[in-house]
Every structure is written in structure tokens, then in C-alpha cells.
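Visitor: Please read through the structure below; I'll follow up with questions.
Taken together, the values in this text are just the output of simple stated rules run on the coordinates, not laboratory data. The shown structure was predicted, so the numbers you read here are calculated from the model rather than taken from an experiment. Here the Cβ positions follow ideal geometry from the backbone for every residue, glycine too, while neighbour counts run over all protein chains shown.
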Amino acid sequence: MNRWIWPITAFLVVASAAAEFSHASDLVVFVLSCAAIVPLAGLMGRATESIAAHAGPRIGGLLSATFGNAVELIIGVIALAHGMSTLVKASITGSILGNLLFVLGLSFFVGGIRHPIQHFNIRAARSNASMLLLGVGIAFIVPAIFSMSGQGVGIGLSGAVAGVSLVLYLAGLYFALFTHREVFAYLEDTGEAEEEQGAAMRMLPAVAVLLVATCIVGIESEWLVDSMRTLGSALGWSEVFLGVVVVAIIGNAAEHASAVWMAWKNRMDLSLEIAVGSSLQVAMFVAPILFIASLLLGHPMPLLFSWPELASMGAAVMLVVVLMVDGESNWLEGAMAVGAYLVMAVGFYTLRSF
């Protein structure tokens, strides 16, 4: 599989470039850009893991946490530069819903087919559950409640939320990688998982791949955002639906596949870390960074989400917390989570605007 990712990626990048410069239809540019970003994200992830393997578990953990959602961050910054703040906030919502319900649910379902009852680290699960309640339940819902006062507190309150979220996210990393490292010892199994997938790249080639892939993702994201501006109107898709479903899936496709594959191999600790850890990173790292970027780009984006988004994220967090607290999973729990995601996706599709 790994030997084919290079020619496939090169072909898709060249095809998307040809479509863009030949002024092909927005649909063709959109599809090819999406297709090219998915394997590029996979290459970025593999390069980051290889660098992490050479750097050691602590530095490696920091690198993995930092670059875990790099593709989505790049797409978000470019969309903000085009003034598409609704799309960006919807992509934050979609990433959280996608990781918590679709990816984790699919992992539970696929893993449960092969292993009737799967177990994972209950202490780590409880810690992640607490962070989820804080990162989504408080950081997103409370500002929306206070904004209802109509006092124009959006930007100031969003700045406070962004600052506190970043500090707590960094504190969580310090907790996991330094002071309570034994609780999260399963993170060090990443090296073993990588050996199963193939030998890690050497340090310099991995750095080169990461830099080149990041640059190409930036270019592809520019074409993707440009095509979405008109394609959404032509297909009757709102920016919210594009962000919640399309952008979120594109940015995390490679990571999604890894979580499901780990569950199939009964490595539920790693699967849970990929799905839940990615949601935490989006809520407490990516969202604040995008807020700061919006200020620098001159398109302020208050971290105030619509009530359908907030209700969906709150329900997703509560469901996942209930599913995680016993330290066990099965295929029926996975089916419930995936079903909840599908219902929410259809709901967002039916909403043309808020």
C-alpha cells in the first residue's frame, strides 16, 4: 500500500493542477483537489510520525499533537483569508462531530465485529472525557449563552476563551507527556504500530516530505476554497454543510482510516487517542489558532456557534462520555454513534442557512 501512495499522490496533484490552469469546471477542480489532499494528509501524518520516532516519545508526542490537524488548519486559514468564517466555524463543528461520532463509532463497530468486547485505558478515557466537557461544553456553549445579552461581547469573550483553551491544552500535553506519563503509556506504542505499517522514514527525508507536502496542501486548499465559493451555490449546499461534512472529512480522512485500522487490530487505546485526541485538539488548539488568524487577516471570527452546531456538539460529547466511562466497547455502541452522526449530517444538509 505504501509504495503506491507516492505515484497516486503525484498523479492527483498533477491532475488537479491541470484542471485549475485549464479553467475546468468548479466541480472538477473541487473533486480533484479533495482527492489530492487526502493522500497528502496521509504523507504529512507519516512524516510527522517518522520525525516523532526519531525525536523520542516526549518530543514526538508534542510534534504529533501539533501537526495532527495541520491540513484542516491550512484550509481554515485560507478560507478565513477569503472571508468565509461561517465555513471555518462549521469545519470546526464537523471535525468534532466526525471524530467523536463517525470515526470513534466506526472504530467501535469495526473492532467489535472482530473482537466482541474491546477494552481500553479507563483512566485515560476519563481524563479525555473531562477535557471534552471543558473544551466543548464550556468553551463553546457558555460564550454563546453570554452573547445573548446583546452587549457586543463576541470578540472579547472569544479572545478569553481562546487564551484559556490554549493554556489548558498545553497543560494537558504537559500532564500526558511529563507529570502523568504512566497514565498515557500506551502513546509510546505508536512506534510499534509504525513498525507494523512499515519502516519509518529517515529524519531528513521525513522533514523534507513534511515541508513539501505542507506547501502543496496550501496550494490545493486555495483551489479547493475557490471552487467551493461557486460550487456550493450551484449544488444548493450551504457553507455550513460544506464545513460540517465535506471539509471536515477531507482534512481528517487519513487519520480516520488509522483509527479504524487500529481498532480492527484490537489496539483500542491508540484508536481512542486518535479519535478523541483529534477532537480535543480541534476544540482547544485549532479553534483558538484560527480565531487569532482571523484577527490578523482582518476578518474577525468570534467563537460563537449557531444553536444547531452547539446542540450537536453537546449531544456528541455527552454520548461519547457515556460510551467511554466503562472502559469497554462493542459493535452496537459503535453503530449508535455512527447513527447519531448520520442524523446530524442530514440535519445540517437540510438547513440552508442559520
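Visitor: 7 Å from Cα along Cα→Cβ at both Leu342 and Lys265: what's the point-to-point distance in nm?
Guide: With each label point 7 Å from Cα toward Cβ, the separation is 2.9 nm.
Visitor: Give me the distance in nm between label points sitting 7 Å out from Cα along the Cα-to-Cβ direction at Leu170 and Ala315, one decimal.
Guide: Label at Leu170, label at Ala315, 3.7 nm between them.
Visitor: What number comes out for the charge environment of Gly94, summing +1 per Lys or Arg and -1 per Asp or Glu over other residues with Cβ under 11 Å away? Kindly include the intermediate steps, with their values, before the conclusion.
Guide: Working: positive: Lys89; negative: Glu72, Glu309.
The answer is -1.
Visitor: In percent, how large is the relative contact order of the chain, given Cα pairs closer than 8 Å and 6 or more residues apart? Provide the component values of the computation, followed by the final result.
Guide: On the way: 486 pairs, mean separation 142.6, N = 354.
Value for the chain: 40 percent.
Visitor: Same structure, new question: Take the alpha carbon gyration tensor of region 2-350, find the square roots of its eigenvalues, order them as a ≥ b ≥ c, and report rounded if a/c is under 1.5; if not, report prolate when a/b exceeds b/c, else oblate.
Guide: Rounded, since a/c falls under 1.5.
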